[in-house]
Amino acid sequence: MNGTVALSQVVPLIEALEETTQTLKTNEAASLPVIRIGSAHEFFREKLAPHIGSFQMRVIAYLGVASKILEFLLEEKVDLIVMSQKLSAPGVEYIPYMQEEFALVAPLKTLIEALKKAV
């Protein structure tokens, strides 16, 4: 048996194996519960995305600014949202999750002038 004949017999088996593996993954994922989360792009990328593989659920992310993700919640497109602003909306309860830190970044001259004005 030459290499071409052997390859032509093995390729369909490999393709069938890949298809079966993909079907099993799809079926497994379909049986997991779904959570729909709304958040800012940066928060999702930095805080949630690295851990999604360890969740025992499928995650559907809706990303945007605070007003937009609040809209998703009010329209029941998401189950929960994580946002840095407390926008008023009837029936929405806010629970503090974490503190956020900001850094002031500017040329040194600008910072010195701002500090002089503040004193």
Solvent-accessible surface ranking, highest first, for Phe55, Phe72 at 1.4 angstrom: Phe55, Phe72
Sequence-separation-based contact order of segment 33-119, relative, with Cα cut under 8 Å and 6+ spacing, percent: 31
Cleavage-rule hits (GluC sites (Glu not before Pro)) in segment 56-102: DSSP loop, at most 16 neighbouring Cβ within 10 angstrom: Glu75, Glu76, Glu93, Glu100, Glu101
Environment charge at Ile52 (Cβ cut-off 12 Å; Lys +1, Arg +1, Asp -1, Glu -1): +3
Solvent-accessible surface ranking, highest first, for Met57, Met83, Met98 at 1.4 angstrom: Met98, Met57, Met83
Cα gyration tensor category, rounded, prolate or oblate, for segment 42-119 with a/c compared to 1.5: prolate
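The values are calculated or read from the model by the stated rules, or taken from the named source; none is laboratory data. Bear in mind that the values here come from a model prediction, so they are computed numbers and not experimental data. Every residue, glycine among them, receives a Cβ derived from its backbone with ideal geometry; neighbour counts consider all protein chains shown. Ligands, DNA and RNA are excluded from the accessible area calculation, which covers all protein heavy atoms including side chains. Shrake-Rupley method; radii C 1.70, N 1.55, O 1.52, S 1.80 Å.
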